[in-house]
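*Asks:* Following this message is one structure expressed as structure tokens.
Throughout, read-outs are computed from the coordinates displayed, never taken from laboratory work. Everything numeric here is computed off the predicted structure, so don't read it as measured data. Positions of Cβ are backbone-derived with ideal geometry, glycine not excepted, and every protein chain shown enters the neighbour counts.
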Amino acid sequence: MATVEVTFTPLPAHVRTARLVATAVARRSGVAESLLDEVRLAVGEACSRAVEAHQLHCPAEPVRIALTDQAGRFEIEVVNTSQAPAGSAQAGPGSAARPGPTAAGVPADAADSALGPPGFSLAVIAGLADDVQISETAAGTSIRMSWPSSGPVVSGSPA
Amino acid sequence: MALEESVDLKLDHHTKDGIEIVEVEGEIDVYTAPRLRELLIELVNIGKYQLVVNMEKVEFLDSTGLGVLVGGLKRVRAHDGSLDLVCTQERILKIFRITGLTKVFGIHGTVDEAITNRKSEK
């Protein structure tokens, strides 16, 4: 069962909120402070991809994030219920394509599109998350990422 | 000098030694990156082809922001210009390393260093 679930309207403005929530839950789940920046960036990338896909295919459908802490792992699943954008890559654990510089010195897929080059976001996610699984189904795309955690952090004292 | 401000991103720019310095403060993400892109396009459109983007006060940068910087680089290079970065924050530099963009951008420790390096390459 997810520790926390968040759904939000697919608008870029809400991606920041999703990042903040994911980082807060990760901290509470015992993810090391040194990894929180990676969690924040990776979930932001996944949510940005989902927002882009939803805006293209199903703007009325919310993006869903599930944050789960179990068995020493903190897992984030970002689900978009739209079809993946044309040309998007699939990646297994650590296998996301990493855009390399071309002979001209600028990555070939770095077209200055409205939401940035899609290959970059997968490259960033794969480079940051400890484990990444991307699955495409008829219902849409799911990105699962996880990091080691030490279990729920108990802070403060009862009033 | 132009000043553009919002809660998440502050943009400013000024000329120093003939090079346009773009000051960026806050978060560059899917929501705010379009404003940085618009500024870079605006600068190129008024003939500013030598740019230094100071990212020392950037708290967050994602792939959308990277795409905007790469787009800016392509635009200035089309005019034989340059776009260098100033950044010493490890969490920001990490994103450039992951994506291989450290080989594409000149990344410097200070604005003065970026200017000096650019002048020496002319």
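*Asks:* Would you calculate, for chain B, the mean residue ellipticity at 222 nm contributed by helices, counting each DSSP H stretch of 4 or more residues as -39,500 (n - 2.57) and dividing by all residues, to the nearest 500?
*Replies:* That comes out to -12000 deg cm²/dmol.
*Asks:* Please work out the Kirkwood hydrodynamic radius for the stretch B:21-121, using every pair of different C-alpha atoms, and report it in angstroms with one decimal place.
*Replies:* It is 13.4 Å.
*Asks:* Enumerate the amide H contacts of residue B:108 below 5 Å, restricted to partners 5 or more residues apart or on another chain; note that Pro and chain-start residues carry no placed amide H.
*Replies:* B:85, B:86, B:87
*Asks:* Next question, about the same structure. Could you please rank A:68, B:32, placing first whichever residue has the fewest other Cβ atoms within 10 Å of its Cβ?
*Replies:* The fewest-first ordering by Cβ neighbours comes to A:68, B:32.
*Asks:* Also: Would you kindly derive the ³J(HN,Hα) couplings of the stretch A:17-33 from the backbone phi angles with the Karplus curve 6.51 cos²θ - 1.76 cosθ + 1.60 (θ = phi - 60°), listing them in order in whole Hz, with x for Gly and Pro?
*Replies:* Karplus values, whole Hz, x for Gly and Pro: 4, 4, 4, 5, 5, 4, 5, 5, 5, 4, 4, 5, 7, x, 5, 4, 4.
*Asks:* Which order results if A:47, A:58 are arranged by neighbouring Cβ count within 10 Å, fewest first?
*Replies:* Arranged by neighbour count, lowest to highest, A:47, A:58 become A:58, A:47.
*Asks:* Evaluate the distance, in nm, between pseudo-label points positioned 7 Å from the Cα of residue B:14 and of residue A:150 along their respective Cα→Cβ axes.
*Replies:* Placing both labels 7 Å beyond Cα along the Cβ direction yields 4.5 nm.
*Asks:* Also, I was wondering about something else. Kindly write out, for the stretch B:99-114 in residue order, the coupling ³J(HN,Hα) from the Karplus curve 6.51 cos²θ - 1.76 cosθ + 1.60 (θ = phi - 60°), rounded to whole Hz, with x marking Gly and Pro.
*Replies:* Running phi through 6.51 cos²θ - 1.76 cosθ + 1.60 with θ = phi - 60° gives 8, x, 7, 5, 7, 9, 9, x, 10, 10, x, 9, 5, 4, 5, 5 Hz.
*Asks:* Please compute the modelled spin-label separation between residue A:71 and residue B:45, points set 7 Å along Cα→Cβ, answer in nm with one decimal.
*Replies:* 5.5
*Asks:* How much of the DSSP bridge set in chain B is antiparallel, in percent, rounded to the nearest 5?
*Replies:* Bridges in chain B are about 45 percent antiparallel.
*Asks:* Oh, and also: Report D for the stretch A:1-51 in µm² per second (integer): Stokes-Einstein, Kirkwood Rh on Cα pairs, 37 °C, 0.692 mPa s.
*Replies:* Taking Rh from Cα pairs, D becomes 293 µm²/s.
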